[in-house]
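The values are calculated or read from the model by the stated rules, or taken from the named source; none is laboratory data. Remember, predicted model here, so these are calculated numbers, not experimental data. Every residue, glycine as well, gets a Cβ built from its backbone with ideal geometry; the counts of neighbours run over all protein chains shown.
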């Protein structure tokens, strides 16, 4: 069982919100305290609200799913008299089962609940298991969607529409030093997880295409290994790209800042996506983004204004988009500046106030 032991970015320049301090409990994969694991949005938000004066509990940091579920349930029972609002981090795939069981227990314990939707896999889950998804989300007083895309998908369920709030993922803007890029070099960066969902092979294939006209082009691939890295390394070697593709491993905050500063174009190759924080991070650092137009990406990025969008799986189109950026410095400069503005819209000062409004609604609903 965890009290708040995560280390989010410090936003010391932001004054605490002056709203009723509900006692909060974040439920979800709080795994960033473990070496090699990404700090989740749930952990970051929990830490920021804690800094703003809210009593915050969080569970669980255990990586293995079943032990994490057991720890979560024990925590909820133990803390039931110390909680005003449970905030579930709701993911698609196998992680949805934890939200299902935990929210059912919270209902039995009489705890008020909200949920934050995460991941591009949720819309497919809602289609395949509509009754299950509607049942779980129906237990929540408020549903937070980090993008208009997910709000639209789940707003089509009449009983959920009035409960949905669009509150973006939060970034510590001060932690992302911006470098304007009016002219760029073919230094490409890919940073996600080595899983099929994120289609890392597309980045390598795009590099092959790009090097036909820009033989000095390079690609750095970074992120958590989840079974595909060896395959991608072998694929790059088979294409004669061993010297052009570098595998940087999992990036902590300092390494991330270093790698983004050393590159000029960010590639997002996902088959499925929602509102990826990595894309916002690229914009915050000033890298123009080329992304597949899947899921929530067209709702996040406007083609030609805050990014360049290409069809899913089309490495040739991705390489051509990169060529546009290299040959059109005005476009690269515009995407660099507009990407930073997009990232700034997710700063804590804005996001904090939106959460304060939600908490106010939940507080009065609880008293009604």
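Of the residues in the stretch 129-137, not one is surrounded by fewer than 17 Cβ atoms within 10 Å (Cβ to Cβ) and in contact with a strand residue (DSSP E or B) (Cβ under 9 Å, 6 or more places away or on another chain).
Would you confirm whether or not the stretch 34-57 contains a residue that is over 18 Å from residue 172 (Cβ atoms), under 22 Å from the mean Cα position of the chain (by Cα) and crowded, with 20+ Cβ neighbours inside 10 Å? Yes, the stretch 34-57 contains a residue that is over 18 Å from residue 172 (Cβ atoms), under 22 Å from the mean Cα position of the chain (by Cα) and crowded, with 20+ Cβ neighbours inside 10 Å.
Being in contact with a strand residue (DSSP E or B) (Cβ under 7 Å, 6 or more places away or on another chain), within 23 Å of residue 324 (Cα to Cα) and free of Cβ contacts under 8 Å to residues at least 60 places away in the same chain is a condition met by at least one residue of the stretch 272-281. Selection of the stretch 336-358 for residues being out of contact with any helix residue (DSSP H, G or I) (no Cβ under 7 Å at 6 or more places or on another chain) and under 15 Å from residue 301 (Cβ atoms) yields 336, 337, 338, 341, 345. Screening residue 203 with (1) in a loop (DSSP other than H, G, I, E, B); (2) under 24 Å from residue 36 (Cβ atoms) gives one miss only, at (1). Residue 143 meets each of the listed conditions (1) modelled with pLDDT of 90 or more; (2) not in a strand (DSSP E or B) apart from (2). Considering the stretch 249-366, the qualifying helices (runs of 4 or more DSSP H), each wholly inside and each with 1 or more residues that are farther than 30 Å from residue 23 by Cα and either modelled with pLDDT of 95 or more or in the same structural domain as residue 87 (by TED's automatic domain parsing) (or both), run over 253-261, 277-285, 315-327, 329-344.
Kindly evaluate residue 144 against the criterion of being surrounded by fewer than 19 Cβ atoms within 10 Å (Cβ to Cβ), under 21 Å from residue 343 (Cβ atoms) and touching a helix residue (DSSP H, G or I) at 6+ places or on another chain (Cβ under 8 Å). Criteria not met by residue 144. Restricting 186, 148 to those that are closer than 24 Å to residue 292 by Cα and not assigned by TED's automatic domain parsing to the domain that holds residue 112 reduces the list to 186. Look at (1) in contact with a helix residue (DSSP H, G or I) (Cβ under 9 Å, 6 or more places away or on another chain); (2) buried (at least 17 other Cβ atoms within 10 Å of the Cβ); (3) farther than 19 Å from residue 39 by Cα and you find that residue 260 fails only one, number (3). Counting the residues of the stretch 97-114 that are surrounded by fewer than 23 Cβ atoms within 10 Å (Cβ to Cβ) and out of contact with any strand residue (DSSP E or B) (no Cβ under 7 Å at 6 or more places or on another chain) gives 9.
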